[in-house]
Amino acid sequence: MADTTPLTNQLLIAMPTLRDPNFARGVAFLCQHGEDGAMGLMVNRLSEYRLGDVLAQMNMHSDLVDVVDAPVLIGGPVQPERGFVLHSPGGDWESSFHISEDIAVTTSRDILIAIAAGKGPRHAVVTLGYSGWSPGQLEQELYENHWLTAPANERVLFETPLEERWEAAAGLVGVNLFQLASYAGHA
C-alpha cells in the first residue's frame, strides 16, 4: 500500500456551509491522501443509472434482480465515465487497492462479473467518477471548515440508506449538523 496519512480511510462530511453542488451535504470516503493530493469516492450521491445499465454497457448481464436494480452512485466529478467498486474484503480481483482490513476499491471488470453472478463481495458500492484534491487543497478546505472528518464505518458506507448517510456519518463523531452555525471562525 502507498504511503498514507491519517485522512486515508476517513469519511469527509460536508459542513452545512459548503455550497459546491458537487459536494453539498455530501459524504466522501477517502481512498488515498498524501503529498500528491487526495482521492475519494462520494458515497451518498445517486446517479441516474442502475447496475443493470452499467452491466449492459459493458456487454454483461445478470439475472439477479437485486444486482440489476442496485443503485450506482456518483463518486465525484472527475472522470465520470470511469467505474469504481468500493467493497468489503473477499475475492482476488485484478486491480484492487486495499485501504484497510475492512475496505478495498477495485477498478477491474472481474469484480463486476462476480457481482453479476452473485459471487461478489458481501458489501459493494459501485460509483462512477471520483473526487480529487490537488496537493494542499484538502488541507485548506479543512482549515476553512468545509469538511468534518470521521473514521470510516462499514455500516454507513454499505448499509445506511443514501439519504441518511450525511447525518449518520456526522453522528459517528457526535455532531448534529443541524445544530451548527452557518458560519465559521478562526481564533
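Per residue, how much accessible surface does the range 33-146 expose to a 1.4 Å probe? Answer in Å², no decimals. Before the final figure, lay out each step's value.
Details: 5960 Å² over 114 residues.
On a per-residue basis, 52 Å².
Using the Kirkwood radius over Cα pairs, work out the Stokes-Einstein diffusion coefficient for the range 1-57 at 10 °C and 1.306 mPa s, in µm²/s as a whole number. Working shown, then result.
On the way: Rh = 13.1 Å.
Taking Rh from Cα pairs, D becomes 121 µm²/s.
Simple spin-label model, 7 Å along Cα-to-Cβ: residue 35 to residue 94 in nm?
Placing both labels 7 Å beyond Cα along the Cβ direction yields 3.3 nm.
Under 5 Å between amide H atoms, partner at least 5 residues away or on a different chain: which partners does residue 73 have, H built in plane at 1.01 Å?
47, 126, 127, 128
So how do 49, 130, 143 rank on accessible area, 1.4 Å probe, biggest first, that is with the largest at the start?
These residues rank, largest area first, as 143, 49, 130.
Of the accessible area of the range 55-96, with the probe set at 1.4 angstrom, what percent is carbon plus sulfur?
50
Treat each spin label as a single point 7 Å out from the Cα along the C-beta direction, and report the residue 58 to residue 155 distance in nm.
Label-label distance for residue 58 and residue 155, simple model: 3.1 nm.
Could you point to the label whose value was computed as Rg and Dmax of the Cα atoms in Å for the structure here, given (i) 16.5, 58; (ii) 25.1, 78; (iii) 15.7, 47?
So the structure-derived entry is (i).
Please give the contour-minus-distance gain from residue 82 to residue 139: 0.36 nm per residue of separation, less the Cα-Cα distance, rounded to one decimal in nm. Provide the component values of the computation, followed by the final result.
Values: separation 57, 0.36 × 57 = 20.52 nm, distance 2.58 nm.
Length gained, residue 82 through residue 139: 17.9 nm.
Using unit Cβ charges (K, R positive; D, E negative) and no other charged atoms, how large, in debye to the nearest 20, is the dipole of the chain about its Cα centre?
About 260 debye.
For the chain, give the share of DSSP beta bridges that are antiparallel, in percent and rounded to the nearest 5; count only bridges with both residues there. Show your work: numbers first, answer last.
Working: 31 of 34 bridges.
If I count the DSSP bridges inside the chain, around 90 percent turn out antiparallel.
From the phi of every residue in the range 149-158, what ³J(HN,Hα) in whole Hz does the Karplus formula 6.51 cos²θ - 1.76 cosθ + 1.60 yield, where θ is phi - 60° and glycine or proline is x?
10, 8, x, 4, 9, 4, 4, 5, 5, 10
Rounded to the nearest 0.05, what FRET efficiency do residue 65 and residue 20 have when you use their Cβ-Cβ distance and R0 = 41 Å?
Result of the calculation: an efficiency of 0.70.
The values are calculated or read from the model by the stated rules, or taken from the named source; none is laboratory data. None of these values were measured; they are calculated from a predicted model. Methodologically, a virtual Cβ is constructed for each residue, glycine included, from the backbone with ideal geometry; neighbour enumeration extends over all protein chains shown. To get the accessible areas, we keep the full protein, side chains included, count just its heavy atoms, and leave off ligands, DNA and RNA. Shrake-Rupley method; radii C 1.70, N 1.55, O 1.52, S 1.80 Å.
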